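Shown next, in structure tokens, is the structure this report addresses.
The values are calculated or read from the model by the stated rules, or taken from the named source; none is laboratory data. Worth saying up front: this structure is predicted, and the values here are computed from it rather than measured. Here the Cβ is made from the backbone with ideal geometry for all residues, glycine too, and neighbour counts use every protein chain on show. In case anyone asks, the SASA skips ligands and DNA or RNA and just uses the protein heavy atoms, side chains included. Shrake-Rupley method; radii C 1.70, N 1.55, O 1.52, S 1.80 Å.
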Amino acid sequence: MNCSISGEVPEDPVVSKKSGLLFEKRLIERHISDYGKCPITGEPLTADDIIPVKTGKIVKPRPVQAASIPGMLGMFQIEWDGLMLSNFALEQQLHTARQELSHALYQHDAACRVIARLKKERDEARGLLAQAERQIPMAATTAVGTTAVSNGKRAAEDEDTGPDGKKIRPGISHSVIETLTECNAGLSQQRKKRQIPATLAPVDALARYTQLNSFPLHKTNKPGILSLDIHYAKDIIATGGVDSNAVIFDRPSGQIISTLSGHSKRVTSVKFAAEGEVVVSGSADKTVRVWQSSENGNYDCRHVLKDHTAEVQAVTVHATNNYFVTASLDSTWCFYDLASGLCLTQVADASESEGYTSAAFHPDGLILGTGTSGSLVKIWDVKSQANVAKFDGHVGSVTAISFSENGYFLATAAHDGVKLWDLRKLKNFRTFAPYDENTPTQSVEFDHSGSYLALGGSDIRVYQVASVKADWNHIKTFPDLSGTGKATCLKFGPDASYIAVGSMDRNLRIFGLPGEDQMEG
């Protein structure tokens with residue numbers, strides 16, 4: 001007897017009490033659950049209306065097709081055809097899925113480009129709005145021509161002064177503080193995921209560094225390089241000299257790109273900004289100059305800033321590349337807008353009379369560190385311009401200050417050597433006193449990864465950065481080949497692939513692995 005639905009002999013037969021028809025149990029149960037009626041008669045039917053039929057277990061007879069070789073070959077051919085059809089259908093589905101994925105990726109890429117363009121337009125609009133906000137208070141209180149700009153120079157005598165004789169500053173606006181805070185949040189998040197780059201020069205490589213080149217960049221009659229900075233992406237070096245010039249130098253080619261002449265006294269500090277398109281220099285002539293690169297490769301003076309009344313000792317650029325700070329021996333530091341050259345605020349600490357001899361932004365940009373001629377290190381909150389911490393213990397002027405990329409180490413250099421400070425606990429945890437009492441430490445610098453520390457005085461010494469409690473291993477000591485005994489400034493190259501050193505002669509010296517410089521050439 002055969003199943004009334006499939007027409008085959010049922011393996012688990014059941015009979016309907018109402019119609020008496022025979023069914024395969026699994027088929028009739030599924031039909032009842034779906035339709036609730038008999039598939040043959042159409043009468044209402046439930047699971048209680050079917051009765052199982054007991055049968056003996058027998059082996060199913062072999063189908064007629066499987067009884068002969070030609071029949072079996074036919075069955076195999078049918079199975080093969082079915083398999084090929086199924087495979088073809090799967091390939092079609094895969095092709096369709098690939099097309100849909102490609103379309104989705106294209107839409108995602110287009111959306112990302114639109115979002116990036118909108119963000120850029122938003123940032124430009126914010127910059128224009130901030131500039132307008134800064135100009136509104138000045139326009140309301142000054143006559144036409146108050147901030148006249150001629151040949152990139154701003155006349156200090158035209159600026160408004162308050163009742164106490166001090167210049168009126170617009171202040172750091174809310175939009176600027178928002179920009180600084182956003183930059184801080186982004187950099188702090190990146191720092192949590194920060195890893196030491198695989199391309200960083202290893203310790204054993206630094207131990208084999210030697211002098212590769214010496215480039216005479218400044219004048220012979222007034223020798224001395226007082227400051228330097230490196231733009232890592234372009235591998236160009238800026239130096240500031242006693243000869244009152246700043247020099248932009250292309251290290252791979254060994255050629256001078258531009259000589260920036262305009263200061264009347266020695267250039268004490270020089271920094272790159274805006275992807276190397278802008279250079280900011282501070283001088284003992286009490287001015288700060290902003291230089292803009294031009295199409296012919298030279299750098300032209302765009303602003304002369306005359307807000308200080310004594311030597312400008314330090315320049316430091318904020319991580320946004322939109323603002324910078326200058327520090328002077330007049331006991332004030334100024335916060336500037338890079339694009340307009342406008343001094344937003346000038347901060348003086350009424351409790352102290354010593355001038356500032358060094359300054360540096362924290363990598364996240366909301367903290368400013370300054371060193372004074374009175375041996376103090378001061379930490380400032382940039383948003384409120386409040387002095388939030390003071391470190392003492394040095395002897396002599398604090399000549400250099402450098403924050404580590406890890407965000408919580410600070411290195412300061414003075415006459416008595418180098419001190420390392422833990423910004424989390426606000427205390428000194430290590431001191432290097434490499435020279436005698438008559439030899440001051442002129443410079444100190446962390447590399448960009450925060451893995452190495454270099455200091456300069458009568459020689460140049462490189463240390464491997466460790467934790468607060470672990471020892472900082474001394475890697476190498478380079479002699480000061482200038483013969484002056486004063487390594488006034490130094491900086492690590494990209495991935496610590498070389499060390500650039502300026503001394504009190506006219507030469508910029510490059511220390512690195514022998515052979516690599518020739519390979520680049």
Task: Cβ-Cβ FRET estimate between GLU275 and GLU91, R0 fixed at 41 Å, reported to 0.05 - done: 0.25
TODO: Determine the sum of side-chain charges near ILE196: Lys and Arg each +1, Asp and Glu each -1, restricted to other residues whose C-beta is under 13 angstrom from that of ILE196.
DONE: 0
Task: In Hz, Karplus ³J(HN,Hα) per residue of region 462-475 (6.51, -1.76, 1.60; θ = phi - 60°; x = Gly, Pro) - done: 10, 10, 8, 6, 10, 7, 5, 8, 7, 6, 9, 5, 7, 8
TODO: Pull out the extension gain between ASP436 and LYS192, defined as 0.36 nm times the separation in residues minus the alpha carbon to alpha carbon distance; nm, one decimal.
DONE: 83.9 nm
- [ ] Please give the length that would be gained between ALA389 and GLU100 if that part of the chain were fully extended, namely 0.36 nm times their separation in residues minus their C-alpha to C-alpha distance (nm, one decimal).
- [x] 98.2 nm
Open item on the list: Which order do you get for PHE23, PHE429 if you rank them by accessible area with a 1.4 Å probe, largest at the top?
Closed with: PHE429, PHE23
Open item on the list: So if I take the centroid of the Cα atoms in region 407-474 and the same for region 490-510, what is the distance between those two points in Å?
Closed with: 18 Å
TODO: Could you point to the residue in ALA246, TYR106, ILE78 farthest towards the positive end of the chain's charge dipole, with +1 and -1 charges on the Cβ of Lys/Arg and Asp/Glu respectively?
DONE: ILE78
Task: FRET efficiency, 1/(1 + (r/R0)^6) with R0 30 Å, evaluated for SER253 and HIS474 via beta carbons - done: 0.35
Task: Reference-scaled alpha-carbon Rg (2.2 N^0.38 Å with N residues) for region 234-340 - done: 1.00
- [ ] For region 343-405, just the Cα set please: Rg and Dmax, both in angstrom.
- [x] 11.3, 33
Task: Interatomic Cα distance distribution for region 413-504, bins of 10 angstrom, percent - done: 17, 50, 29, 4, 0
Open item on the list: Can you list residues from other chains, or at least 5 along the same chain, whose modelled amide H is less than 5 Å from the amide H of LEU508?
Closed with: PHE215, LEU217
Task: Label point distance in nm, ALA233-ASP300, each placed 7 Å from Cα along Cα→Cβ - done: 2.3 nm
Open item on the list: I need the calculated FRET efficiency for the pair LYS222 and ALA111, taking r as the beta carbon distance and R₀ as 60 Å, to the nearest 0.05.
Closed with: 0.55
Open item on the list: Averaging the inverse of every distinct alpha carbon separation and then flipping it gives the Kirkwood radius. What is it for the chain, in angstrom units?
Closed with: 28.4 Å
- [ ] Work through the residues other than GLY485 whose Cβ is under 12 Å from its Cβ and net out their charges, Lys, Arg +1 and Asp, Glu -1.
- [x] -3
Task: Under 22 Å from LYS192, Cα to Cα: lysines that are on another chain or at least 8 residues apart - done: LYS425, LYS469
- [ ] Choose one of ASN321, SER404, CYS334: the residue whose Cα lies farthest towards the positive end of the charge dipole of region 314-429 (beta-carbon charges +1 Lys, Arg; -1 Asp, Glu; about the Cα centre).
- [x] SER404
- [ ] Would you mind putting 181-189, 445-453 in packing order, based on average other-beta-carbon counts within 10 Å, highest first?
- [x] 445-453, 181-189
TODO: Report the label-to-label distance for LEU426 and GLN77 in nanometres (one decimal), using points 7 Å from each Cα along the Cα→Cβ vector.
DONE: 9.3 nm
Task: region 174-315, Rg to Rh (Cα coordinates; Rh as Kirkwood inverse mean 1/r) - done: 1.03
Task: Heavy atoms of GLU437: accessible area, 1.4 Å probe, square angstrom to 10 - done: 150 Å²
